[in-house]
1. Counting only heavy atoms of protein chains, what accessible area per residue, in Å², does the stretch 53-94 have with a probe of 1.4 Å?
2. Cβ under 9 Å from residue 94's Cβ, residue 94 left aside: what net charge do those residues give with Lys, Arg +1 and Asp, Glu -1?
3. At 1.4 Å probe size, with the rest of the protein present, what percent of the exposed accessible area of the stretch 35-99 is carbon and sulfur atoms?
4. How large is the accessible surface of residue 77 in square angstrom, using a 1.4 angstrom probe and rounding to the nearest 10?
5. Starting from the 7 Å offset along Cα-to-Cβ, what nm value, one decimal, do you get for the label separation of residue 77 and residue 36?
Amino acid sequence: MTDIIERVATAIRSGLESSGFASIQANGPNGEEGLRQLFEVLAMDAVEAMPKKVWIYTDTSKQVGDKDHMKVFATEDAARAWFAENDPEGVAFEYEVQS
């Protein structure tokens with residue numbers, strides 16, 4: 001995890017001047033801590049934005065491992081749109097994402 005934080009910190013540091021995060025000074029006091037806090041906030045936002053449920057469709061005419069054997073949809077609307085075009089009688093089942 002530390003390696004990831006360091007890589008993100010380096011990426012953030014390189015774009016601080018143009019990104020609008022002028023209050024976070026990479027070279028000033030608490031610069032590294034400020035970057036870590038920013039990373040934690042961004043990571044928590046990313047986790048919150050992740051879907052809590054997915055819809056899974058299995059095409060039983062395909063072999064297990066075939067790239068078209070399963071489809072995973074982030075939203076019910078995405079599943080419905082795909083079915084409308086590809087398999088009007090198909091069904092996707094809703095599953096909770098474990099974290």
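The values are calculated or read from the model by the stated rules, or taken from the named source; none is laboratory data. No experiment lies behind these values; they were computed from the predicted model shown. Reconstructed Cβ throughout: ideal geometry from the backbone, glycine too, with neighbour counts over all protein chains shown. SASA here: full protein model, heavy atoms, side chains in, ligands and nucleic acids out. Shrake-Rupley method; radii C 1.70, N 1.55, O 1.52, S 1.80 Å.
1. For the stretch 53-94, the solvent-accessible area averages 76 Å² per residue.
2. Neighbour charge sum, excluding residue 94 itself: -1.
3. 54
4. Its heavy atoms expose roughly 120 Å² to the probe.
5. 4.0
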